Amino acid sequence: MMTSVLLADDQSLLRMGFRMVLEAEDDIEVVGEAADGATAVQMAGSLRPDVVLMDVRMPGMNGIEATSQIVAQEPATKVIILTTFDLDEYAFAGLRAGASGFQLKDSEPGELVTAIRTVHSGEAVISPRITRRMLDLFADRLPSPDEDRSAGGAAEPAPDVLTERELEVLLAIADGLSNAEIAADLYVSEATVKTHVGKVLAKLGLRDRVQAVVYAYKTGLIRPA
């Protein structure tokens with residue numbers, strides 16, 4: 001299955017390097033390049049790529065705002081934030097805007113390729129544990145649900161749409177546990193946990209496990225450590 005990728009970075013040499021790495025793969029096709037956020041949004045709407053590699057620091061519309069617009073307009077398109085170092089506040093803001101993970105710009109080529117394939121398959125690039133650590137660092141930047149609504153954001157579905165077991169699974173995800181670890185804690189099979197995770201994401205309208213961790217913080221289910 002071919003994966004289409006849009007490159008969004010204001011440095012042409014970096015875009016060229018990413019293109020060379022990705023086009024060496026039989027199952028990845030670079031369908032476009034954008035040098036700023038506004039162009040990335042426009043091209044994502046017209047090209048509908050499977051994955052966008054999104055630099056956060058670009059002139060005009062930055063990568064955070066572009067990510068927010070792309071995931072709202074093209075739900076099937078996944079965004080990977082490109083950053084210069086992990087636990088970056090910009091990477092955190094990108095996750096909060098709806099990105100499915102982040103990748104360091106100086107990652108090995110194989111890591112970038114794996115990240116794209118992982119996101120396209122429906123999984124998150126970074127582990128929930130790293131997301132949890134980022135949220136512990138930056139949780140004070142998260143607006144309250146009331147602030148979100150006053151700013152025009154959509155209201156979060158209330159946790160009470162979940163069954164008791166689904167809420168247990170959500171809290172376990174927010175603690176950074178894998179399916180295997182959740183299964184061991186709840187004395188159920190991994191297949192059962194996978195089913196619960198799918199229901200949690202569907203009921204709450206979340207894209208992946210990383211967004212589930214963000215949701216748990218935004219709704220007050222989890223507090224900073």
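Please treat every number below as a calculation from the coordinates, not as lab data. In this text, all values refer to a predicted model and were calculated from it rather than measured experimentally. Methodologically, a virtual Cβ is constructed for each residue, glycine included, from the backbone with ideal geometry; neighbour enumeration extends over all protein chains shown.
Taking 0.36 nm per residue of sequence separation and removing the Cα-Cα distance, the Leu137/Asp160 pair yields an extension gain of 5.5 nm.
Note on Arg19/Ser121: beta-carbon distance plugged into 1/(1 + (r/R0)^6) with R0 of 25 Å gives a FRET efficiency of 0.70. Each principal axis of the range 154-225 carries a Cα extent, and these read 34, 27, 20 Å when sorted largest first.
Relative to the present Cα-Cα distance, how much length would full extension add between Thr219 and Ser178 at 0.36 nm per residue of separation?
Numbers: separation 41, 0.36 × 41 = 14.76 nm, distance 2.15 nm.
Computed gain between Thr219 and Ser178 is 12.6 nm.
Placing unit charges on the Cβ atoms only, positive for Lys and Arg and negative for Asp and Glu, gives the chain a dipole magnitude near 400 debye about its Cα centre.
Between Gln11 and Leu171, what FRET efficiency comes out of the Förster formula 1/(1 + (r/R0)^6) with R0 = 45 Å and r the beta carbon distance, rounded to 0.05? It would help to have the intermediate numbers written out before the result.
Values: r = 41 Å, r/R0 = 0.91.
It comes out at approximately 0.65.
Spacing of the modelled spin labels on Glu29 and Ala202, each 7 Å from Cα toward Cβ, amounts to 3.1 nm.
Here the range 3-126 is assigned +1 on the Cβ of each Lys and Arg and -1 on the Cβ of each Asp and Glu. Its dipole about the Cα centre then comes out at about 300 debye. Placing dummy labels 7 Å off each Cα toward the beta-carbon, the span from Thr195 to Ala38 is 5.1 nm.
What would the Debye equation give as log₁₀ I(q)/I(0) for the chain at q = 0.08, 0.11, 0.12 Å⁻¹, counting only Cα atoms as equal point scatterers? Evaluating at q = 0.08, 0.11, 0.12 Å⁻¹ gives log10 I(q)/I(0) of -0.28, -0.54, -0.64.
Peptide packing: for 108-115, 44-51, 96-103, the average count of neighbouring Cβ atoms within 10 Å per residue gives the ranking 96-103, 44-51, 108-115, highest mean first. In the range 1-98, the C-alpha radius of gyration followed by the widest Cα-Cα span (Dmax) gives 12.3, 35 angstrom.
Using +1 at the C-beta of Lys and Arg and -1 at the C-beta of Asp and Glu, which of Ala24, Val56, Gln73 has the Cα lying farthest in the positive direction of the dipole of the range 20-88? Of the options given, the answer is Gln73.
Based on the mean of other beta carbon atoms within 10 Å per residue, what is the order of 194-200, 36-42, 77-83, 13-19, most packed first? Show your work: numbers first, answer last.
Values: 194-200: 17.4, 36-42: 21.3, 77-83: 25.7, 13-19: 15.0.
Per-residue Cβ counts within 10 Å, averaged per peptide and sorted highest first, yield 77-83, 36-42, 194-200, 13-19.
Inter-label distance, Ser107 to Asp185: 2.6 nm, where each label sits 7 Å from its Cα along the C-beta direction.
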